[in-house]
1. Looking at this structure, is residue 137 closer than 18 Å to residue 31 by Cα and surrounded by fewer than 18 Cβ atoms within 10 Å (Cβ to Cβ)?
2. Is it the case, given these coordinates, that residue 41 is modelled with pLDDT under 75, under 30 Å from residue 229 (Cβ atoms) and surrounded by 12 or more Cβ atoms within 10 Å (Cβ to Cβ)?
3. Give just the number: which of (1) under 17 Å from residue 77 (Cα atoms); (2) touching a helix residue (DSSP H, G or I) at 6+ places or on another chain (Cβ under 7 Å); (3) outside any loop (DSSP other than H, G, I, E, B) does residue 176 not satisfy?
4. Of the residues 93, 55, 66, 35, only one is modelled with pLDDT under 75 and crowded, with 17+ Cβ neighbours inside 10 Å; which?
5. Looking only at region 192-240, count every residue that is in contact (Cβ under 8 Å) with a residue 24 or more places away in the chain, out of contact with any helix residue (DSSP H, G or I) (no Cβ under 7 Å at 6 or more places or on another chain), within 21 Å of residue 74 (Cα to Cα) and part of a loop (DSSP other than H, G, I, E, B) and tell me the total.
6. Exactly one condition in (1) touching a residue at least 24 places away in the same chain (Cβ under 8 Å); (2) on the phi > 0 side of the Ramachandran plot is false for residue 135; which is it?
7. Just to be sure before I move on: is residue 189 under 13 Å from the mean Cα position of the chain (by Cα) and either farther than 20 Å from residue 72 by Cα or in a loop (DSSP other than H, G, I, E, B) (or both) in the structure I sent?
8. Given the structure, is residue 124 modelled with pLDDT under 85 and surrounded by 15 or more Cβ atoms within 10 Å (Cβ to Cβ)?
């Protein structure tokens, strides 16, 4: 267990060192996280408060801000996998697979590092801006439930990241699949528009995306908005996603290791 934590800690530290290396760029990006939050207020002027009020809140700026904040977790499922692609391109992946480190942990650490960075430099600043716009901090139980929601969403998307990393090594190029995932994450999760206003077929798709429940529950706990499905169902789905995608990730790694032993992983 200590070896797993050490691997993840080292990967996260490396990612943080990379993004903080150039101080000016890092500072401006951090400031932009807050500016984006304030800039989203402009959309509040074009939304009908009466219609939005049907979901339990008329504060569209905060509604949108919480949804957009979750874009930082898309990287855990997609962008983190590109590190594996870079190693494949540079011819380093064979060395990685020959090392005694667990391949699952190695791939997971890539997604975890992306998610941690997204939390520190994206989620936290945007949520802080949401609290400022609300004019109050949520009650402690609601805040703790928000943290649990973020953690479960974090873990589920990291498992998807492992699956995508495995797919990259198996099929060499899955950019089209990643584009589909990014599209669904942004359009079918209620990130920008209340899911309650969307057609039923889209709601069915949204139900099977972890990000949907993370966004919906966070809005519920922070701003009192109504959830699309019962709270217990949504939390249960996040737990199921974490477990289910974890098993799929392990299966993908197993298949990948068998292929690597027979054919290698060279970029063809």
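The values are calculated or read from the model by the stated rules, or taken from the named source; none is laboratory data. These figures come from a predicted structure and were not determined experimentally. Cβ sites come from the backbone with ideal geometry, for glycine too, and all protein chains shown count toward neighbours.
1. No: the conditions fail for residue 137.
2. The answer is yes for residue 41.
3. (2)
4. Testing whether each residue is modelled with pLDDT under 75 and crowded, with 17+ Cβ neighbours inside 10 Å leaves just 93.
5. Qualifying residue count for the region: 0.
6. (1)
7. Values: under 13 Å from the mean Cα position of the chain (by Cα): yes; either farther than 20 Å from residue 72 by Cα or in a loop (DSSP other than H, G, I, E, B) (or both): yes.
Yes; evaluated as a whole, the condition is true for this residue.
8. no
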